[in-house]
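Heads up: the structure comes next, in structure tokens.
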Amino acid sequence: MSTTTNGRSYKAQKVIDRMGQKLTRQMVGSLAACVHCGQCTDSCHYVLSNPGDPTFAPAYKADRIRKLFKKHYDWTGKVFPKWVKAGTVQTDEDLEELKDIVFGKCTNCRRCTINCPMGVDLATFNRMARGLLCHVGIMPEGVEYVAKEQWEIGNQMGVLKEDYIETIEWQEEELQDEMEDPNARIPVDKVNSEIVYVINPREIKHDPRSVLDAAKIFYMAGADYTMPSEGWDMTNFGLFNGDDELGGAVAGRVYDKVEELNGKKLVISECGHGYRSTRCEGPNWAKKDIAFDSESSVITMLKYIKEGKIKVDKTKNPGSYTFHDSCNNARSCGLTEEPRELLSLVVDDFREMYPNRAENYCCTGGGGAMSMAEYRPSRLKSAKVKADQLSATGTKTVVTSCHNCVDGLTDLIGHYKLGMDVTQLVNLVANALVVDEKIEENRKIHSAETSATAAQ
Ligand code: SF4
Ligand code: SF4
């Protein structure tokens, strides 16, 4: 390993130098404010699932990053280095150790944040630390792979444009069959639409049924919408790997396409980190003012029911259901009540999980954890608290508004043999759809109009 003149590895020196460029006032506040009271300790699912192991405590993990700040960027570390536990990284091995903490022992779920009386936001500077490591090429292989796909192909699952279009066409045929309407369309790149609908690549690659279910709902509502042929991936690995440039590039592609199509509103399908990235963080990363509205498809579906644009019959969804709040939706974006209201309209037996809303536990696959194969055993061990939370509801199905949570929950349900299913609101709403005369009439008029526009 080659080193700088001070004996530090080049990568370690780069991490320290770049930290100075990346620190924000919010991060400095969080790095300086911890009084080590320990109140956040029991808020972390890693701690609760690994009793007796202090290395999972949020403050312990935060201190692995904090010591660098104290040593290199805070006056207290220069005056009282031992007292404030200032420390550094010297070797690439030190960076590898840091990697195992910031990627392998924290999902950036922010549950400790809302339980900290000092307002310490570990997830914010944990993300920063991830970005510093990624910048010098130290990251889990899966994170590197997914980020590369999103940079180079434009979506995080490497879906080619022709496959995306082909899948939509396939779902359009399914829509025509199910609706018994040869004019039914899933429009692509229709200009001046009220809605531009963006999705998670998982829907194309592993769950095209979600595309069909959304199309059914738009069709029945007579919605003026389109899916874009480019910039359709609303997920954003920049949130997970701490790369603001990636975050800005991915979100920017979505915004640019909506503008190109002159869409009035961006509707984001059910994905926690995609919603947070595209609606909340993306404009800052992309350094762009957004001239159109955006909302979660959960809100769109709820509006359609409330406005009488679609009708639903909850008896079409028999069985018992609980709801899992995605950390990014609930804790970071406040999307807690609308999904419950919607769920209560489409199922009869809804039972809350406790704790819930902003206090809910992570699906344990958040923060990009599902892409980090090397940490899977530890992730599943740390999912014990989530498994207990799920089984205590006594329900058969867990509903969540996040594709990432679907995968995280499915994995732990299999591991702990809970025998539960996982589904999303779009699936339940589509399944509960009923047709009455007024809706049928609107639907036919709109279907003919959409078909005529598509033919032009
Ligand atoms: S992060 Fe907050 S709650 Fe946790 S030890 Fe520090 S001050 Fe206490
Ligand atoms: S952000 Fe979540 S996973 Fe990370 S330390 Fe805090 S509670 Fe634990």
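The values are calculated or read from the model by the stated rules, or taken from the named source; none is laboratory data. Note that the structure is predicted; figures quoted are calculated from it, not measured. Counting neighbours? That spans all protein chains shown, and the Cβs are built from the backbone with ideal geometry, glycine included. Each accessible area value is taken on the protein alone, full model and side chains, heavy atoms only, with ligands, DNA and RNA left out. Shrake-Rupley method; radii C 1.70, N 1.55, O 1.52, S 1.80 Å.
Determine if region 54-76 includes at least one residue that is among the small types (Gly, Ala, Ser) and away from ligand 1 (no atom under 14 Å from the Cβ). Checking region 54-76: not a single residue is among the small types (Gly, Ala, Ser) and away from ligand 1 (no atom under 14 Å from the Cβ). Determine whether region 96-116 contains at least one residue that is more than 30 Å from SER371 (Cβ to Cβ), surrounded by fewer than 18 Cβ atoms within 10 Å (Cβ to Cβ) and among the polar types (S, T, N, Q). No: zero hits.
Against the conditions (1) out of contact with any strand residue (DSSP E or B) (no Cβ under 8 Å at 6 or more places or on another chain); (2) surrounded by fewer than 22 Cβ atoms within 10 Å (Cβ to Cβ); (3) within 19 Å of LYS288 (Cβ to Cβ), LYS257 satisfies every one except (1). If you go through region 184-223 and pick out every residue that is farther than 26 Å from GLU260 by Cα and in a loop (DSSP other than H, G, I, E, B), you end up with 2. Among the residues of region 267-306, those that are out of contact with any Ser or Thr (no Cβ under 6 Å at 6 or more places or on another chain), crowded, with 16+ Cβ neighbours inside 10 Å and of a type in the set (Asp, Glu) comprise GLU281, GLU295.
On inspection, TYR60 passes the criterion of being within 13 Å of ligand 2 (Cβ to nearest atom), open to solvent by 50 Å² or more (accessible area, probe 1.4 Å), of a type outside the set (A, V, I, L, M) and not assigned by TED's automatic domain parsing to the domain that holds ALA387. Among the residues of region 375-400, those identified as among the charged types (D, E, K, R) and over 12 Å from CYS362 (Cα atoms) are ARG376, LYS381, ASP388, LYS396.
Pairs under 6 Å by beta carbon, first residue in contact (Cβ under 8 Å) with a residue 60 or more places away in the chain and assigned to a loop (DSSP other than H, G, I, E, B) in region 96-115, partner surrounded by fewer than 23 Cβ atoms within 10 Å (Cβ to Cβ) and polar (S, T, N, Q), six or more apart or different chains? These pairs meet every condition: ASN115/SER43.
Residues in region 377-404 that are open to solvent by 10 Å² or more (accessible area, probe 1.4 Å) and either without any contact (Cβ under 8 Å) to a residue 12 or more places away in the chain or among the aliphatic types (A, V, I, L, M) (or both): PRO377, VAL385, ASP388, ALA392. The residues listed here are GLU174, GLU162, GLU203; of these, the one that is loosely packed, with under 15 Cβ neighbours inside 10 Å and at pLDDT 95 or above is GLU162.
For region 88-103, the count of residues that are on the phi > 0 side of the Ramachandran plot and either within 12 Å of ligand 2 (Cβ to nearest atom) or assigned by TED's automatic domain parsing to the domain that holds LEU68 (or both) is zero.
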